[in-house]
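Peer 1: Starting off with a structure, shown below.
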Amino acid sequence: MNDTESFDVSPRDIAILKARVDNPTSSTRELSRILEEEYGISLSHNRINEILRTMSEEEVFREMVLPNREIFRHYLFRVSFNFPNFEDHWRDCYEALQNDPHVLMFFTADTDYQWHAIAQFRTDDRMESWVHDFFSDHGELISDFHNTMLHSVHKFQTESAVFDDILAETEEGQEYLDHSE
């Protein structure tokens, strides 16, 4: 997805998502009350449940469990490629990173087209073993590999206020923001 593409999500649904992020354990009955009080959105708890289910199915958001950041040590891996071998080996490496349970986030960055991954392991020894196995399996593709331990992860969450920018894009969304002030 590039800067000109985006999900077509109504301002009302963004407000519902914002309320869910602020109140992740609240029942849909409670969300119904919160939406009425904070945004002037009057919907039954059943309708809110349907909307959240639909947004989840359409991958507007994903429900996931994020363990306490203190359970794991986090690492940033940056992978550069041996481009003559890229065509023959990229897919296996890509799928391995996509499907690896240690990889929390996997993305492309930089003008050098490096792959970056944020991974989590219980110990440095487990991370080092993983890196060894990764090189054993995908070494023909890799020209450079950087590993940075993220010593102190100070924030590990999405704030609901990030949705205010989306709400401010439309008149309807701005009305929800104005109502919540």
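Peer 1: Test each condition in (1) within 27 Å of MET149 (Cβ to Cβ); (2) in contact with a His (Cβ under 9 Å, 6 or more places away or on another chain) for SER32 and report the one that comes out false.
Peer 2: (1)
Conditions (1) assigned to a helix (DSSP H, G or I); (2) out of contact with any strand residue (DSSP E or B) (no Cβ under 9 Å at 6 or more places or on another chain); (3) farther than 12 Å from SER160 by Cβ; (4) acidic (Asp, Glu), marked per residue:
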{"position": "ASP13", "(1), (2), (3), (4)": "yes, yes, yes, yes"}
{"position": "ALA19", "(1), (2), (3), (4)": "yes, yes, no, no"}
{"position": "SER32", "(1), (2), (3), (4)": "yes, yes, yes, no"}
{"position": "GLU36", "(1), (2), (3), (4)": "yes, yes, yes, yes"}
{"position": "LEU43", "(1), (2), (3), (4)": "no, yes, yes, no"}
{"position": "ARG47", "(1), (2), (3), (4)": "yes, yes, yes, no"}
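Peer 1: Can you name the condition, by its number, that ASN46 falls short on among (1) touching a helix residue (DSSP H, G or I) at 6+ places or on another chain (Cβ under 6 Å); (2) loosely packed, with under 14 Cβ neighbours inside 10 Å; (3) free of Cβ contacts under 8 Å to residues at least 40 places away in the same chain?
Peer 2: Answer for ASN46: the failing condition is (1).
Peer 1: Kindly indicate which of GLU58, GLU70 is closer than 30 Å to LEU150 by Cβ, open to solvent by 90 Å² or more (accessible area, probe 1.4 Å) and either among the hydroxyl-bearing types (Ser, Thr, Tyr) or modelled with pLDDT under 95 (or both). Step through it out loud before you land on a result.
Peer 2: Values: GLU58 fails: closer than 30 Å to LEU150 by Cβ.
The match here is GLU70.
Peer 1: Test SER44 against the stated conditions and say whether it is among the small types (Gly, Ala, Ser) and within 21 Å of HIS179 (Cα to Cα). Full working, then the answer.
Peer 2: On the way: among the small types (Gly, Ala, Ser): yes; within 21 Å of HIS179 (Cα to Cα): yes.
For SER44, the condition - among the small types (Gly, Ala, Ser) and within 21 Å of HIS179 (Cα to Cα) - is met.
Peer 1: Right, something else. Which residues, counting only those in segment 81-121, are under 26 Å from HIS151 (Cα atoms), in contact with a His (Cβ under 8 Å, 6 or more places away or on another chain) and open to solvent by less than 60 Å² (accessible area, probe 1.4 Å)?
Peer 2: Hits for segment 81-121 are ALA96, LEU104, PHE106, ALA109, ILE118, ALA119, GLN120, PHE121.
Peer 1: Could you pull out the residue among GLU171, GLU140, GLU128 that is over 30 Å from GLU37 (Cβ atoms) and surrounded by fewer than 14 Cβ atoms within 10 Å (Cβ to Cβ)? Break it down stepwise before answering.
Peer 2: Values: GLU171 fails: over 30 Å from GLU37 (Cβ atoms); GLU140 fails: surrounded by fewer than 14 Cβ atoms within 10 Å (Cβ to Cβ).
Only one candidate qualifies: GLU128.
Peer 1: Also, I was wondering about something else. Here's a check for you: in segment 10-41, which residue that is closer than 14 Å to HIS179 by Cβ and basic (Lys, Arg) is least open to solvent (accessible area, probe 1.4 Å)?
Peer 2: LYS18
Peer 1: Tell me, please, whether a residue that is outside any helix (DSSP H, G or I), farther than 25 Å from PHE156 by Cα and not charged (D, E, K, R) can be found in segment 109-125.
Peer 2: Of all residues in segment 109-125, those outside any helix (DSSP H, G or I) come to 109-123.
Checking the rest, the ones that are also farther than 25 Å from PHE156 by Cα come to 111-113.
Among the residues that remain, those that are also not charged (D, E, K, R) are: 111, 113.
Checking segment 109-125: at least one residue is outside any helix (DSSP H, G or I), farther than 25 Å from PHE156 by Cα and not charged (D, E, K, R).
The values are calculated or read from the model by the stated rules, or taken from the named source; none is laboratory data. Note that the structure is a prediction, hence the values are computed from the model and not measured. Virtual Cβ from ideal backbone geometry, glycine too; neighbours counted across all protein chains shown. Surface accessibility is based on the protein's heavy atoms, side chains included, excluding ligands, DNA and RNA. Shrake-Rupley method; radii C 1.70, N 1.55, O 1.52, S 1.80 Å.
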